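The values are calculated or read from the model by the stated rules, or taken from the named source; none is laboratory data. This one's a predicted model, so the numbers in the text were calculated from it and none came from an experiment. Methodologically, a virtual Cβ is constructed for each residue, glycine included, from the backbone with ideal geometry; neighbour enumeration extends over all protein chains shown. Note: areas computed on protein heavy atoms with side chains; ligands, DNA, RNA excluded. Shrake-Rupley method; radii C 1.70, N 1.55, O 1.52, S 1.80 Å.
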Protein chains: 2
Amino acid sequence: MPFAREGDSAPTFMDAFFTATSAVTVTGLATVDTGTYWSMIGQIIILVLVEIGGIGIIALATILGLFVGGRLGLRTQMLAQVDMHVVSLGEVRPLFRRVTVTLVSFQAVTALILTIRYRLVYFDSLPEAVWHGVFDAVMAFNNAGFSLNSDSLTRYAGDVAVIIPISVAVFIGAVGFPVLAELYRGWRRPSRWTIHTRLTVWGSLMLFAIGSLAFLTIEWANPATLGNMPLVEKVVTAIEGGIMPRSGGLQSFDWNHVEAETQGIAVVMMFIGGGSASTAGGIKVTTFLLLAFVILAELRGDPEVQIGRRSVSGRTVRTAVSIALLAVMLVYGGTLLLMLMSGASYIEALFETTSAFGTTGLSTGLTPELNAPSQLVLIVLMFVGRVGTIAAASAFVLRRRQPRYHLPEEQPIIG
Amino acid sequence: MPFAREGDSAPTFMDAFFTATSAVTVTGLATVDTGTYWSMIGQIIILVLVEIGGIGIIALATILGLFVGGRLGLRTQMLAQVDMHVVSLGEVRPLFRRVTVTLVSFQAVTALILTIRYRLVYFDSLPEAVWHGVFDAVMAFNNAGFSLNSDSLTRYAGDVAVIIPISVAVFIGAVGFPVLAELYRGWRRPSRWTIHTRLTVWGSLMLFAIGSLAFLTIEWANPATLGNMPLVEKVVTAIEGGIMPRSGGLQSFDWNHVEAETQGIAVVMMFIGGGSASTAGGIKVTTFLLLAFVILAELRGDPEVQIGRRSVSGRTVRTAVSIALLAVMLVYGGTLLLMLMSGASYIEALFETTSAFGTTGLSTGLTPELNAPSQLVLIVLMFVGRVGTIAAASAFVLRRRQPRYHLPEEQPIIG
Ligand SMILES: [K+]
Ligand SMILES: [K+]
């Protein structure tokens, strides 16, 4: 696709392949500078790939959830609320359409706010402001980390009228279709929400609060991030620092220069990611919180894992454990491989592989410097991170067999 | 204890406290050089503390296992093999005595081998060779990493007649009482071993093989470790490199100069540790392998988690998951705390905290350089790592309540 490249030269195969994968998986890691390497046509292709990738992954997860009964939770929810006994694709379609319309309207409003602010403060020409506003709004809602600026959001650092709309868009985009659908129909009655919605909503808010507070505390005096900022900008940037690692990928500061502890916390946040059937990646908020409830049940000695007057079956626990552990193995293996092949340090490699697996797109700047085999590792991680958790969870549920006989039980010593 | 200190000065409180904790928990991390800082009396105290700590932890785990029915697995085993219906402390005591006698004999043989070798090659005086031989044999069997030499085993690097006896002693010490007891009575019939013994034996051998092969491959050309060695010494050192991180703590090379990938693998090995009711630390081989079998069951769609024609209950799985995740939180929290308080790099802090939690005792050299609060973090980690997993597992079993009613089931979306 030479026409996609700025100037006369054609893009290299690896750059094109990496960028396409990063766009379709709504990650945002980039081997080249989006704004200068790609032509206008190339940038539009990225925009379209991101929008298709974002809607595609939501649709895929939703449809898989319908065919793989129970996985999506929609059946339980609909049974409880509208007393239906079969959920068909047709019944979900209008819901999906309404959510899509809502999301596109949100994107339009965000684009409008950004455009006005960009025109007033940052760009002299209106078309340029509009193009940046639209691009950033689409990226934010799809949780993709591409930016037309070579320094991502750095020039807007601490600007409440840019960073906050983008952060809110990222947060909403990371919630996921089933939760948005349920909120759409019954957001006023939290007591009647499904377990899935409760876990996702409260978990996302909790992770946001912890992430932002930790960021504010640790980075308070760091001149590369909050050190030289007035209070309001500090808070705005800390909000960004708490939301973006959960899958946003846009950045108004250099993640290579944050404190090492902040990088360590961001790795955990990228690994957890956002809500199920959303544009966010990671093992998902529900998977993570379910494991926390398993610990809680053990600490209390509960016979069943309980979440708000509901029990969760042992098989669901096993699925969650398996997904989380397979993800740990994948990220750890990728990290060791990246270290072996590129000579990157431990935390550099861990940060970039977790960002790829979580389709987050945050970078300490390592990706463009990597050799082709290392970039291939990241491509595989983005792909597996994008469809792997959904595919694995569906496959696990589909493969479940009913017991035909019981083996005698035996207890190995634990601990 | 000024008399324990070499020369006229008294030891500082922190050094004495750290060393005593490290000895009783059979870890081996040290803030000072054992051979020069402590007097002969001080070194004997360390030797005694290690022997008491080692036997104590085995006895504690065994007794807890008896009172907390089922946890130890001995009941199942004895029921199966000798058809008894009650297991009392009295019935285990002769077994415990026989195992102890065997272990002490092993220690004596190891001490003899080491003494002969030390006298022939390394030391001119016989008393010195005897003292080093006895000290190293006791350390090895108790999986404690103290050494009378300031450079640990470095002067013996690659010496098959020193490194191999010590590595074998560490390996046997890390197996644990219940397995040794069962092997003692029926080692010829692996098909009748309990699940616990099978998991421990095959798991330990597997981790040893993987660890040594990975070490050999990654370190092959590293001049700081295997690079300049002839083949036999390479193999001997790789065997050490595969066994020691699983809780030994003695080292014939500098873990600060191994490849970063080897450090990364060692961190995992230290975290897993050795067998239950042994002198090794970590979450234990059975806990780790049980999680692997959970994944396997999910991949195959099995209704129950199966290990060799036996099923493992969902509650046992939950306990294993809880122990492993609490350990991850502990090590990760300790790592961030150490980074914040000492300015250590990510991998340095992770290596040292995992070594403390796993009561391994391997060090990249960070421990002596740490300030008092950071050393206190390591002390807490050693203590919790030593008794925490056993206490938590027992408490979880004791707290288990029978279900009085069932809550309605609901399934959050995983992945
Ligand atoms: K992203
Ligand atoms: K040790």
Is it the case, given these coordinates, that A:THR360 is more than 9 Å from chain B (Cβ to nearest Cβ), farther than 30 Å from A:ILE195 by Cα, touching a residue at least 24 places away in the same chain (Cβ under 8 Å) and among the polar types (S, T, N, Q)? no
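Listed here are the residues, each with its yes/no results for (1) modelled with pLDDT of 90 or more; (2) open to solvent by 10 Å² or more (accessible area, probe 1.4 Å); (3) more than 16 Å from ligand 2 (Cβ to nearest atom).
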{"position": "A:TRP131", "(1), (2), (3)": "yes, yes, yes"}
{"position": "A:ALA137", "(1), (2), (3)": "yes, no, yes"}
{"position": "A:VAL179", "(1), (2), (3)": "no, no, yes"}
{"position": "A:GLU182", "(1), (2), (3)": "no, no, yes"}
{"position": "A:TRP187", "(1), (2), (3)": "no, yes, yes"}
{"position": "A:THR194", "(1), (2), (3)": "no, yes, yes"}
{"position": "A:ALA209", "(1), (2), (3)": "yes, yes, yes"}
{"position": "A:LEU213", "(1), (2), (3)": "yes, yes, yes"}
{"position": "A:ILE218", "(1), (2), (3)": "yes, yes, yes"}
Single residue of A:ARG309, A:ARG386, A:ARG318 found to be among the charged types (D, E, K, R) and within 30 Å of B:VAL175 (Cβ to Cβ): A:ARG318
Of the numbered conditions (1) more than 7 Å from every other protein chain (Cβ to nearest Cβ); (2) farther than 19 Å from A:ALA23 by Cβ; (3) of a type in the set (Ser, Thr, Tyr), A:TYR346 fails exactly one; give the number of that condition. (1)
Filter pass, B:ALA209 being closer than 18 Å to B:ALA174 by Cβ and either free of Cβ contacts under 8 Å to residues at least 24 places away in the same chain or in a loop (DSSP other than H, G, I, E, B) (or both): no
Out of contact with any strand residue (DSSP E or B) (no Cβ under 7 Å at 6 or more places or on another chain) and either among the basic types (Lys, Arg) or at pLDDT below 85 (or both): is that true of A:PRO408 in this structure? no
Test for B:GLU352: is it farther than 30 Å from A:GLY314 by Cα and of a type in the set (Asp, Glu): yes
Those residues of segment A:287-326 which are surrounded by fewer than 19 Cβ atoms within 10 Å (Cβ to Cβ), more than 7 Å from chain B (Cβ to nearest Cβ) and of a type in the set (Gly, Ala, Ser) amount to A:ALA292, A:GLY308
In segment B:95-124, which residues are outside any helix (DSSP H, G or I) and open to solvent by less than 50 Å² (accessible area, probe 1.4 Å)? B:PHE123
